[in-house]
Amino acid sequence: HYTEFIKILFERDFNVEDIVMEKCDKFKHILKEEEDATRSYSKQVTQENYSKFCKDLKDKNYKRGYSQFIGELYNKKLVSRDIVAENIEICIGNVKRFLELDPKGAAVDDNIICLISIMTSLEDPIILEDYRVRLLELKKSPGLPKRLMFM
């Protein structure tokens, strides 16, 4: 619905391009995770780790939604292919990097979910084909949890 609204604004000559680009840049920076982004929780539930767990879950859903938003913006020709490609590249790079650090960590999970959200929202078969081989390579990565492999 957001992308439909933005498209209507574009068609009515409202200058929203800067806002869209700002949001795309913001998401790109969210995806560029720090090395300490690997999350783990102790088995003993405390208020502190439960609060962190809830925040991390909220962030994960935020990233998933943003990924879909980027794909939908591209489908409506509101952002360029370069923006979509850059976000996909960041996610792939993050998955490769975090697979080496902690294959079962939340950072791997988050980035794979972002990849899936972008790829499943795209209607351009050319982009999907461009990344097919690299995604299959990721799928075969040693240590990748089975549920992520099947995603």
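The values are calculated or read from the model by the stated rules, or taken from the named source; none is laboratory data. No experiment lies behind these values; they were computed from the predicted model shown. Quick reminder, even Gly has a Cβ in these numbers, built from the backbone with ideal geometry, and neighbours come from all protein chains shown. These accessible areas exclude ligands, DNA and RNA; they are computed on the full protein's heavy atoms, side chains included. Shrake-Rupley method; radii C 1.70, N 1.55, O 1.52, S 1.80 Å.
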What distance in nm separates the two pseudo spin-label positions at residue 15 and residue 30, each 7 Å out from Cα along the beta-carbon direction?
2.6
What do you get for GluC sites (Glu not before Pro) in region 82-141 restricted to DSSP loop and a cutoff of at most 16 other Cβ within 10 Å of the site's Cβ?
123
Can you work out the accessible area per residue across the chain, with the rest of the protein chains kept in place, probe 1.4 Å, in square angstrom?
64
Which option, (1) 15.9, 46; (2) 16.7, 55; (3) 17.9, 67, is the value of Rg and Dmax of the Cα atoms in Å that was calculated from these coordinates?
(2)
When the helices in the chain are scored as -39500 (n - 2.57) per DSSP H run of 4 or longer and the sum is shared across all residues, what 222 nm value do you end up with, to the nearest 500 deg cm²/dmol?
-24500 deg cm²/dmol
Can you tell me the length gained on complete extension of the stretch residue 126 to residue 151, counting 0.36 nm per residue apart and subtracting the Cα distance?
7.0 nm
Ranked by how many other beta carbons lie within 10 Å on average, peptides 15-25, 139-149, 71-81 from highest:
71-81, 15-25, 139-149
Angle between the chain longest axis and helix 106-121 axis [Cα atoms, degrees, rounded to 10]:
30
Subtracting the Cα-Cα distance of residue 50 and residue 137 from 0.36 nm times their residue separation yields 27.9 nm
